[in-house]
Amino acid sequence: MTKTNQPDGPTQVEIFRRMALLKANDERARKVIRSGRVQMTYYSYRGQEVIPAAMSVNLTDKDYLCTIYRGIHDMLAKGIPLRDLWAEMAGRVKGTCKGKGGPMHLTYPSKGIMVTTGIVGSSMPIANGLAWASQLSKDGRVSVATFGDGASNIGAFHEALNLAAVWKLPVIFLCQNNQYGEHTAFAKATAAKHVADRAVSYNIPGVRVNGNDPYEMYAAARQAVERARAGEGPTLIEAVTFRFFGHVFGDADKYMDPAQKAAAMAADPYPAFRSKLIADGTATEAQLAEIEAKIEKDIDDAVEFALDAPFPDVAEVTRDVYGATA
Amino acid sequence: MSGGKKENQMTMIDAINMAFHDAMEEDPKILVLGEDVADPEEGGVSGATRGLSTKFGEHRCRTTPISEQAIIGAAIGASLAGYKPVAEIMLMNFTTVAMDMIFNHAAKLRYMSGGQTNVPIVIRTMTGAGFSTAGQHSDFLEAWFAHAPGMKVVIPSNAQDAYGLLRSAIDDPDPVLVVENMPIYWTPTDKPEKGHRVPIGKARIAAEGKDITILSYAGMMNKCLAALEALGQAGVSAEMIDLRTISPWDQETVLSSVAKTGRCLIVHEAVKPFGVGAEIAATLSERCFGKLKAPVSRIGAPFTPVPFSKPLESAFLPDTAQIAETAIALVKGKH
């Protein structure tokens, strides 16, 4: 990757801030689940923080996001407020969805977070529709669909990429290739050498980047956003990364090669980027420590807010199935 | 195709086309998408959408690849951004390919988002045995969708209802499946008036009677009405109800009719086990038990795929003689 299209200093620090938020929130979520204070099915994204952090600094609140069950990092980077997030994860009435969606179906339209799906592959066809709306109304918005490497083997991926290409939609397909689909290693389930290679079939750019490198990820994201905003159509980005804590919280990872996992964790992008910012003189240790401390305080506040919030009234069970008709 | 059509009559397919023209003229947010729907592709395989892309542009009436998941996904996404897409899934059997988008997403997003988002889409699809279209082009699957919280399901039996239900479905804030019974597309019936609406959830009493309530919808409704003569000859006065909406079905109209007649026969083309008739029969036994003079009875297709060969297909379909016979037996106490 060339050094054009690179983030300036303040943008680098902002990418770091978002990574710090994502990492701290994941650590806290696992801690809170272990403590028994919140019961939820949790898909840790630890290790994948660079991708949404570097993607989201290229987006505005108006741009749309369709994400998946392993998507809390995507939403935090896109700006979902911590209190609303935590209250939803705890099933409380003050959650984004009044406790009716939970961590797998978070929705927050004012930040463009339109759909979170628990179905592998289903973020993409819906992102196309949002992008179609933007194309029709010429509002300049970009839609981003995130998904894992496993989703590139499901039919919805292929239908969505083909339609987006034929219709030249302002959409970005962001594959977070964490190298496992559930418990199955990428190569065992995927005939293509790389997910990005599949873009060739749809006559759109397919870009493969190191998803743990903020500079590469930023450049690819920026280029795809500019292309979409210019009306030039979709891009498939394959951001290669690694998930540190398996498929679902409690997963023992026995299907993983221990050496591969150890190497990936040793190459944790978070401390690496932190050191680089300081070494480059882009930020000071004190500045980054202050960012981290503020995030910890914000998460303390959000967890407390969530656990103090009431559960929804049971009357909520039958509400919101249908809207009022005229 | 429209032989014997009188001046004040129209076919169902023309009524659907007219509903599109009227609705899209009134509201620029209404979009149409699906396989072959634009005019260069002949405005849909049955011509339901003909003229729309010419009049409103291919950006509003857009032909898609043969990709049912992508079609419904695009409709959902555009609806989340304020549009009102009407997606055509050519045949009801093809909805099964898009079931994830329909059931897991369109139907549930309002609920799962705590009411922050809603999916005001219409899904039109056609089906029905009678043209030897066999096992994968003819099924009535309305019960599948009626079983999905968040979905609404309507099925017209004539031109006025086809127009009025489609207009109401487009107005509706939630996903509505419009099932069109293909073999009755070209039957002329009374012409709809521009702007006509048939409220979703409202049945129509097609004939008044006192001995038995016969409930049906789609082309089967016509077969029930054709039984009126035989019923009359047997001295049976039947109240005929065209359900029109499957979900939410009009319990008020049905329950008050059955409370009056004390008997009910439900007729549908879908296979009988676990069908719409089963749900209605269960509700009647819960809410009307003391007023029933006979067991609630159902007629549906046998529990088989739809066969191809003409005599087999005819044997598969419930018919007027069977409807009349069953209803007379219920009234005469020979059930």
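Looking only at the stretch A:298-326, which residues are touching a residue at least 12 places away in the same chain (Cβ under 8 Å), more than 10 Å from chain B (Cβ to nearest Cβ) and out of contact with any helix residue (DSSP H, G or I) (no Cβ under 6 Å at 6 or more places or on another chain)?
A:Asp301, A:Leu307, A:Pro310, A:Phe311, A:Asp313
Name the residue, out of B:Ala48, B:Ala70, that is without any contact (Cβ under 8 Å) to a residue 24 or more places away in the chain, touching an Asp or Glu at 6+ places or on another chain (Cβ under 8 Å) and either crowded, with 23+ Cβ neighbours inside 10 Å or under 22 Å from A:Tyr64 (Cβ atoms) (or both). Show your work before the answer.
Values: B:Ala48 fails: without any contact (Cβ under 8 Å) to a residue 24 or more places away in the chain.
After applying the criteria, what remains is B:Ala70.
Do we have any residue at all in the stretch A:272-292 that's within 17 Å of A:Asp26 (Cα to Cα), loosely packed, with under 15 Cβ neighbours inside 10 Å and either modelled with pLDDT under 95 or among the polar types (S, T, N, Q) (or both)?
Of all residues in the stretch A:272-292, those within 17 Å of A:Asp26 (Cα to Cα) come to A:291-292.
Within this subset, residues satisfying the condition of being loosely packed, with under 15 Cβ neighbours inside 10 Å are none.
No, the stretch A:272-292 has no match at all.
Which of the residues that make up the stretch B:113-141 are out of contact with any helix residue (DSSP H, G or I) (no Cβ under 7 Å at 6 or more places or on another chain) and farther than 30 Å from A:Thr117 by Cα?
Within the stretch B:113-141, B:Thr133, B:Ala134, B:Gly135, B:Ser138 qualify.
Taking the stretch B:199-220, which residues are within 14 Å of another protein chain (Cβ to nearest Cβ), of a type outside the set (Lys, Arg) and either surrounded by fewer than 22 Cβ atoms within 10 Å (Cβ to Cβ) or at positive phi (or both)? It would help to see each step written out before you state the result.
If we filter the stretch B:199-220 for residues that are within 14 Å of another protein chain (Cβ to nearest Cβ), which is where we start, we get B:199-202.
Adding the requirement that they be of a type outside the set (Lys, Arg) leaves B:199-201.
Across the stretch B:199-220, the qualifying residues are B:Pro199, B:Gly201.
Is there any pair with a first residue in the stretch A:156-180 that is free of Cβ contacts under 8 Å to residues at least 60 places away in the same chain and a second that is among the charged types (D, E, K, R) whose Cβ atoms are under 9 Å apart and which are 6 or more apart or on different chains, and what are they?
A:Ala156/B:Asp100; A:Phe157/A:Arg198; A:His158/A:Arg198; A:Glu159/B:Glu68; A:Trp167/B:Arg62
Out of A:Gly118, A:Gly148, report the one residue that is at the interface with chain B (Cβ under 10 Å from one of its Cβ atoms) and out of contact with any Pro (no Cβ under 9 Å at 6 or more places or on another chain). Don't jump to the end; show me each part of the working.
Working: A:Gly148 fails: at the interface with chain B (Cβ under 10 Å from one of its Cβ atoms).
Only one candidate passes the filter, namely A:Gly118.
Out of contact with any Gly (no Cβ under 8 Å at 6 or more places or on another chain), away from chain B (no Cβ under 14 Å) and within 18 Å of A:Ala77 (Cβ to Cβ) - does that describe any residue in the stretch A:260-272? Can you show your working first?
Here is the first cut: in the stretch A:260-272, the ones out of contact with any Gly (no Cβ under 8 Å at 6 or more places or on another chain) are A:260-263, A:266-267, A:270-272.
Checking the rest, the ones that are also away from chain B (no Cβ under 14 Å) come to A:260-263, A:266-267, A:270-272.
Filter once more, keeping what is within 18 Å of A:Ala77 (Cβ to Cβ): A:270.
Yes: one or more hits.
Quick one: which residue in B:Val179, B:Val153 is at pLDDT 95 or above, away from every other protein chain (no Cβ under 14 Å) and in a strand (DSSP E or B)? Spell out the reasoning first.
Numbers: B:Val153 fails: away from every other protein chain (no Cβ under 14 Å).
So the residue among B:Val179, B:Val153 that is at pLDDT 95 or above, away from every other protein chain (no Cβ under 14 Å) and in a strand (DSSP E or B) is B:Val179.
If B:Gly130 satisfies all but one of (1) out of contact with any Leu (no Cβ under 9 Å at 6 or more places or on another chain); (2) surrounded by fewer than 22 Cβ atoms within 10 Å (Cβ to Cβ), what's the number of the condition it fails?
With (1) out of contact with any Leu (no Cβ under 9 Å at 6 or more places or on another chain); (2) surrounded by fewer than 22 Cβ atoms within 10 Å (Cβ to Cβ) applied to B:Gly130, the lone miss is (1).
Being under 20 Å from A:Ala189 (Cα atoms) and not in a helix (DSSP H, G or I) is the filter here, so list the residues in the stretch A:137-172 that pass it.
Listed by number, the residues that qualify are A:Thr146, A:Phe147, A:Gly148, A:Ile154.
Is it the case that A:Ser134 is assigned to a helix (DSSP H, G or I), more than 9 Å from every other protein chain (Cβ to nearest Cβ), in contact (Cβ under 8 Å) with a residue 24 or more places away in the chain and touching a strand residue (DSSP E or B) at 6+ places or on another chain (Cβ under 8 Å)?
Working: assigned to a helix (DSSP H, G or I): yes; more than 9 Å from every other protein chain (Cβ to nearest Cβ): no; in contact (Cβ under 8 Å) with a residue 24 or more places away in the chain: yes; touching a strand residue (DSSP E or B) at 6+ places or on another chain (Cβ under 8 Å): yes.
No, not satisfied.
Residue by residue, here is whether (1) farther than 20 Å from B:Gln9 by Cβ; (2) buried (at least 24 other Cβ atoms within 10 Å of the Cβ); (3) among the hydroxyl-bearing types (Ser, Thr, Tyr) holds:
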{"position": "B:Phe145", "(1), (2), (3)": "yes, yes, no"}
{"position": "B:Lys152", "(1), (2), (3)": "yes, yes, no"}
{"position": "B:Ser157", "(1), (2), (3)": "no, yes, yes"}
{"position": "B:Leu165", "(1), (2), (3)": "no, yes, no"}
{"position": "B:Leu177", "(1), (2), (3)": "yes, yes, no"}
{"position": "B:Glu180", "(1), (2), (3)": "no, yes, no"}
{"position": "B:Tyr185", "(1), (2), (3)": "no, no, yes"}
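The values are calculated or read from the model by the stated rules, or taken from the named source; none is laboratory data. A quick note: this is a predicted structure, and the numbers were derived from the prediction, not measured. Cβ atoms come from the backbone with ideal geometry, glycine included; neighbour counts cover every protein chain shown.
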